[in-house]
């Protein structure tokens with residue numbers, strides 16, 4: 001029997017559900033429901049140890065990361081999480097020490113992002129499962145659709161560390177200790193741009209979380225707004241450039257299809273650029289302008305005066 | 001290393017979380033957050049195939065039951081579910097046919113309870129995991145606390161079928177086909193008393209879902225309200241009485257500690273009894289008056305003029 005991809009599974013299940021739902025469904029980083037006085041934002045993100053955790057990842061880091069994924073989606077929509085629930089599947093061989101460590105990871109995330117875990121559910125399962133579910137109640141959110149001609153395209157930080165980090169953790173490559181730590185931490189201790197995202201609500205015309213890869217994120221944003229996205233310079237850093245040069249990797253592929261970065265990709269009107277950079281400084285984000293929005297469709301990269309179409313696919317193991 | 005119980009795991013994790021949360025935490029069947037215009041109700045319930053599904057249970061029944069558990073908690077608090085998310089952990093060997101069946105189960109639950117599944121998350125895991133997360137936005141909920149002296153204690157239906165059903169499915173016992181089907185269905189196709197629960201909001205002083213067993217439910221309600229609960233007649237049926245007589249089981253134990261019944265246990269002022277029975281008829285519930293509330297503490301059973309203390313523990317395998 002053929003194995004189905006995540007998207008195929010979702011589509012198959014959506015087919016069964018009632019038509020009303022599908023029409024009501026706002027496909028965005030978080031699910032929203034209009035209520036009398038605003039918008040209820042709602043998101044679940046499941047962490048599965050056997051598929052999501054490299055073997056070096058500590059239990060408290062898994063607990064923390066399960067929350068970071070959810071926070072990242074709230075962040076990019078400019079929504080402050082109001083409350084969180086955690087559903088746990090705990091393996092039989094988990095010890096009291098493991099449980100204490102799990103709790104410590106949740107507590108760390110609570111403090112880091114000023115969130116409240118107020119309930120949940122506990123079960124026994126073969127795998128360690130952490131399903132984080134968050135809600136927020138807001139006046140507005142930043143949608144995936146809304147980019148205007150002339151808007152600038154920004155990212156909340158550089159790309160590339162996660163893909164390098166994953167390969168280091170899988171012992172496929174080695175590198176200098178400075179880059180090694182940054183790269184490993186982007187997998188083991190990822191950050192979510194919550195403060196930056198909450199501020200963007202005043203400045204951005206469209207946003208999306210980039211965890212499926214930069215290329216696919218740019219395509220989704222361009223398609224929702226029915227605009228052409230032109231990339232002038234990929235969001236990277238000196239140490240990544242140096243690394244790929246030494247290893248002879250394709251830097252464009254690393255940045256565009258590396259994946260698992262919890263950065264925000266946004267479009268902003270030019271007039272807001274100064275304010276966005278001030279917000280980035282305050283939020284400790286290394287925000288970069290990577291391109292601009294034009295009339296048309298597709299995602300293109302300008303290099304040495306030439307325009308090249310970026311291929312549309314999600315993240316993959318690259319190295 | 002010692003294995004921890006569910007309660008111990010929860011307490012251990014709660015210890016790590018910030019004090020503010022613990023104080024804010026309303027311990028009830030659903031988690032609630034006060035917002036400007038009402039109360040946000042919020043609940044996750046995880047279904048794990050390896051521990052929650054007897055081998056006779058079909059995939060669509062698992063999908064349906066994962067939703068019924070969550071609905072049952074909303075039902076007993078008088079809260080209409082506004083939206084649901086489903087986080088899935090799908091085993092590698094799941095076929096397209098299995099996914100279609102899963103979707104069919106969700107669709108069946110949507111229609112049965114008039115709910116909307118509007119999003120979710122899909123992952124790969126060793127076990128089939130279905131985490132159902134629901135929200136509601138209401139003016140008020142029925143709490144666990146609020147029972148008054150003289151109130152009647154009611155259940156939305158009889159108890160005992162689930163325990164018999166589980167034992168039939170595990171091939172430990174056999175019985176007549178009529179009871180067998182009812183008993184098996186109470187595990188494979190449980191109901192949730194949503195219409196009855198939504199109506200109770202106008203009549204009940206306190207409520208709780210009984211899925212942890214009738215005895216523990218009565219104890220929790222009595223402790224929250226600081227009242228004595230006196231049981232005059234256990235909620236059972238003719239066919240269950242006949243069954244236990246033939247098999248020489250202890251009927252009191254079966255009813256009190258059978259567990260996994262998705263019935264509502266509620267206290268109501270005497271003056272509301274007629275209206276509650278009218279509601280029960282409309283909701284197709286076989287509602288029973290089982291006792292009354294008095295000044296004092298503890299849960300007692302009156303039998304042949306004598307009063308006997310009911311032991312306080314949750315459901316267990318009984319037969």
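The values are calculated or read from the model by the stated rules, or taken from the named source; none is laboratory data. Since the structure is predicted, the reported quantities are computational estimates derived from the model, not experimental observations. Positions of Cβ are generated from backbone atoms using ideal geometry, with glycine treated the same way; all protein chains shown enter the neighbour counts.
Which of the residues belonging to region B:302-319 are closer than 14 Å to residue B:216 by Cα and touching a residue at least 40 places away in the same chain (Cβ under 8 Å)?
So the first thing to find is which residues in region B:302-319 are closer than 14 Å to residue B:216 by Cα, and the list is B:309-316.
Of everything in region B:302-319, those that are closer than 14 Å to residue B:216 by Cα and touching a residue at least 40 places away in the same chain (Cβ under 8 Å) turn out to be B:310, B:311, B:312, B:313, B:314, B:315, B:316.
Give the number of residues within region A:270-298 that are under 17 Å from residue A:223 (Cβ atoms) and either assigned by TED's automatic domain parsing to the domain that holds residue A:53 or in a helix (DSSP H, G or I) (or both).
0
Modelled with pLDDT under 95 and in a helix (DSSP H, G or I) - does that describe any residue in region B:257-269?
yes
Output the number of residues of region A:96-111 satisfying the condition of being crowded, with 22+ Cβ neighbours inside 10 Å and more than 7 Å from chain B (Cβ to nearest Cβ). Reasoning before the result, please.
We begin by selecting, within region A:96-111, every residue crowded, with 22+ Cβ neighbours inside 10 Å; these are A:99, A:102-103, A:105-106, A:109.
Next, from what is left, pick out any that are more than 7 Å from chain B (Cβ to nearest Cβ): A:105, A:109.
Residues in region A:96-111 being crowded, with 22+ Cβ neighbours inside 10 Å and more than 7 Å from chain B (Cβ to nearest Cβ): 2 in total.
Let's see how each residue does on (1) at negative phi; (2) within 8 Å of chain B (Cβ to nearest Cβ); (3) at pLDDT below 95:
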residue	(1), (2), (3)
A:25	yes, yes, yes
A:29	yes, no, yes
A:34	yes, no, yes
A:41	yes, no, yes
A:48	yes, yes, no
A:51	yes, yes, yes
A:57	yes, no, no
A:60	yes, no, no
A:68	yes, no, no
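Out of (1) farther than 23 Å from residue A:40 by Cβ; (2) more than 8 Å from chain A (Cβ to nearest Cβ), what's the single condition that is false for residue B:114?
Here residue B:114 meets the rest and fails (1).
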